[in-house]
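Undergrad: Take a look at the following structure, please.
The values are calculated or read from the model by the stated rules, or taken from the named source; none is laboratory data. All values derive from a computational prediction rather than experimental measurement. Please note: Cβ atoms are built from the backbone with ideal geometry, for glycine as well, and neighbour counts cover all protein chains shown. Just so you know, the surface numbers come from the protein's heavy atoms only, side chains and all, with ligands and any DNA or RNA stripped out. Shrake-Rupley method; radii C 1.70, N 1.55, O 1.52, S 1.80 Å.
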Amino acid sequence: MNFGDNEFPVVTVGTSSAEMQTTYPATIKGMQDVEIRPKISGFLTRVNVHEGQSVAAGQTIFVIDNETYQAAVRQAQAAVNQCRATIATAESGLATAKLQYENSQQLHANGVIGDFELQSSRNSFNSAQAQVNQAKAALGQAEASLASARETLSFCYVKSPASGVVGSLPYKVGALVSAQSTPALTTVSNISQMEIYFSMTEKDILELTKSAGGLNAAVNSYPPVRLKLADGTMYPYEGRVVKVSGVIDAATGTVSMIARFPNPERLLKSGGSGSVVVQRSNSSAIVIPQSSVLSVQDKKFVYVMGADKKVKYTEITVDPQNDGNNFIVTSGLKSGDKYVTNGLAKLSDGMEIVPITPENYQKKIDEAGKQGTDGSAKGFVDAMTGKK
């Protein structure tokens, strides 16, 4: 066996089953994140919750100074009471005017009084009726004012519109707050389930939609997804993709997607970050050792042997996710191609080689090693393996 052998191990590309995964940066949000803002301006007199506390829908979480609004309610209630008293007086006068009018009608029928007296009695009755109607209208206005005053007073008691967990509390007792306050009083997040927002490229979405036969079918058939947390650990529960935006972001060329994850231990927090991991099975994947691939900057190449036994320096693309030992080739190689697995440093584009099996190649190296430890043997092994 000569030092200058042109023999290199060559393997025919085949396909095999492989588990592939793709990761996407993700943002974690609660099912419902509600900013809590007051409807009125005033000074905080009570903060009834603490950060991270669970609250129920309708629970009072803040109280705003309400002395002025309580006084407005008392004033409106007094106006209502006054209107009701006025109505009672007017109705009493109406009853009297009615009796007088009915009596005048009998007297007029008997010829005791004339038309003028009857008309005067009718006018008195109509006037009493008008006073009752006017008093009732005033009562309606007063009751509306009372309802408005009570509603305004209720705004002093800021309640949670939804069940969830209280976020940060930037304001303390004594702070002046209003509907325009920035930031909000707090945020209540429903975190029983979490929505994980991530984006897929337009190309991936098109492939997914075509293979599934439509966007809705693609969502329904999308495999369960996993979540890698910010500390690098995997979240123990799987999630499901539930929504896909129908609009492509022109700035990024991506489509927003939402996956929903259960959160029974409340490990996930709204506003957190992580990575969505999508597992895919490929029954016809092309898997090659990383040692057979040359990396030049961000590109990858292999030496493919043609029918004339000359090698061609061929660029390939691989799945970004790998196990550290092998690459899954996505383009550049096809089943039946032949590529060189070792000794790549000795090869050049267009070079003619003598193909041998990887087993024979390894046997030659082993035999060379047994010949001794002198420089010539070491040089042969280094030459065979491509070492400098």
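Undergrad: Using a Förster distance of 22 Å, how high is the FRET efficiency between D65 and S168, based on the Cβ-Cβ distance and rounded to 0.05?
TA: Numbers: r = 23 Å, r/R0 = 1.03.
For R0 = 22 Å, the calculated efficiency reads 0.45.
Undergrad: Multiply the residue separation of S148 and S54 by 0.36 nm, subtract the distance between their alpha-carbon atoms, and state the gained length in nm to one decimal.
TA: Answer, rounded to one decimal: 30.7 nm.
Undergrad: Given the rule -39500 (n - 2.57) for each run of at least 4 DSSP H residues, summed and divided by the residues of the chain, what is its mean residue ellipticity at 222 nm, to the nearest 500 deg cm²/dmol?
TA: On the way: 6 runs with 125 residues, N = 388.
Here the helix-only value at 222 nm equals -11000 deg cm²/dmol.
Undergrad: At D249 and I356, where each label point lies 7 Å from the Cα along Cα→Cβ, what is the point-to-point distance in nanometres?
TA: Using points 7 Å along Cα→Cβ, the separation is 5.5 nm.
Undergrad: Ok, one more. Of the heavy-atom accessible surface of the chain (probe 1.4 angstrom), what whole percent is carbon and sulfur? Don't skip to the end; give the middle numbers.
TA: Details: 11100 of 21750 Å².
C and S atoms contribute 51 percent here.
Undergrad: Here is a further query. If R0 is 41 Å, what FRET efficiency do you get for T182 and K210 from their C-beta distance, rounded to 0.05? Each step should come with its number before you reach the end.
TA: Details: r = 46 Å, r/R0 = 1.11.
For T182 and K210, the calculated efficiency is 0.35.
Undergrad: For I288, tell me the accessible area in Å² from a 1.4 Å probe, rounded to the nearest 10.
TA: Its heavy atoms expose roughly 0 Å² to the probe.
Undergrad: Hey, another quick one. How much accessible area does K172 have with a 1.4 Å probe, in Å² rounded to the nearest 10?
TA: Accessible area of K172: about 130 Å².
Undergrad: Hey, another quick one. Describe numerically, in nm with one decimal, the distance between label points set 7 Å from Cα along Cα→Cβ at S283 and at K228.
TA: 2.8
Undergrad: Probe radius 1.4 Å, ligands and nucleic acids left out: which of D231, D5 has the largest accessible area, and how do the rest follow?
TA: Values: D231 115, D5 30 Å².
Final ranking, largest accessible area leading: D231, D5.
Undergrad: My understanding is that a pair violates if its Cα-Cα distance is over 21 Å; which of K29/K228; K159/K243; K346/K370; K29/K210; K98/K136 do that in this structure?
TA: Over 21 Å apart, Cα to Cα: K159/K243; K346/K370; K29/K210.
Undergrad: Probe of 1.4 angstrom, ligands and nucleic acids ignored: what's the accessible area per residue over the chain, in square angstrom? Don't skip to the answer; put the middle values down first.
TA: On the way: 21750 Å² over 388 residues.
Counting only protein heavy atoms, the per-residue value for the chain is 56 Å².
Undergrad: Next question. Could you rank T12, T186 by how accessible they are, 1.4 Å probe, largest area first? Numbers along the way, then the final one.
TA: Numbers: T12 70, T186 5 Å².
Sorted by accessible area, descending: T12, T186.
Undergrad: Distance in nm between label sites at K203 and Q105, each 7 Å beyond Cα in the beta-carbon direction?
TA: Result: 9.5 nm between the two label points.
Undergrad: Using heavy-atom solvent-accessible surface (probe 1.4 Å) with all chains present, what is the largest-first order of T96, T341?
TA: Numbers: T96 70, T341 10 Å².
Largest to smallest exposure gives the sequence T96, T341.
Undergrad: Which net charge results for the neighbourhood of I258, defined as the other residues with beta-carbon distances under 11 angstrom from its beta-carbon, given Lys and Arg at +1 and Asp and Glu at -1?
TA: Working: positive: K29, R240, K243, R260; negative: E195.
Combined, the nearby Lys, Arg, Asp and Glu give +3.
Undergrad: In whole angstrom, how long is each semi-axis of the equivalent ellipsoid of the chain, when you take the square root of 5 times every eigenvalue of its Cα gyration tensor and sort them from largest down?
TA: Calculated on Cα positions only, the semi-axes equal 91, 25, 14 Å.
Undergrad: Sticking with this structure for a sec: Residues of segment 193-210 with amide nitrogen under 20 Å from the 7 Å Cα-to-Cβ point of T23?
TA: Counting backbone N atoms under 20 Å from the label point, the list is 196-201, 204.
Undergrad: Determine the gain in length on full extension of the stretch Q297-N133; use 0.36 nm per residue of separation and subtract their C-alpha separation, reporting nm with one decimal.
TA: Details: separation 164, 0.36 × 164 = 59.04 nm, distance 9.09 nm.
Answer, rounded to one decimal: 49.9 nm.
Undergrad: What is the local net charge at R122, summed over the other residues whose Cβ is closer than 13 Å to its Cβ (Lys, Arg +1; Asp, Glu -1)?
TA: Working: positive: K98; negative: E102, D115, E117.
Computed value for this residue: -2.
Undergrad: Between T317 and T12, what FRET efficiency comes out of the Förster formula 1/(1 + (r/R0)^6) with R0 = 22 Å and r the beta carbon distance, rounded to 0.05? Can you show the working numbers first?
TA: Details: r = 20 Å, r/R0 = 0.92.
It comes out at approximately 0.65.
Undergrad: Viscosity 1.567 mPa s, temperature 4 °C: give me the Stokes-Einstein translational D for segment 131-213 in µm²/s, with Rh taken as the Kirkwood radius over C-alpha pairs. Kindly include the intermediate steps, with their values, before the conclusion.
TA: Working: Rh = 18.8 Å.
Result for D is 69 µm²/s.
Undergrad: Also, I was wondering about something else. Quick one: accessible surface of S270, probe radius 1.4 Å, all protein chains present, in square angstrom to the nearest 10.
TA: We get 50 Å² for S270.
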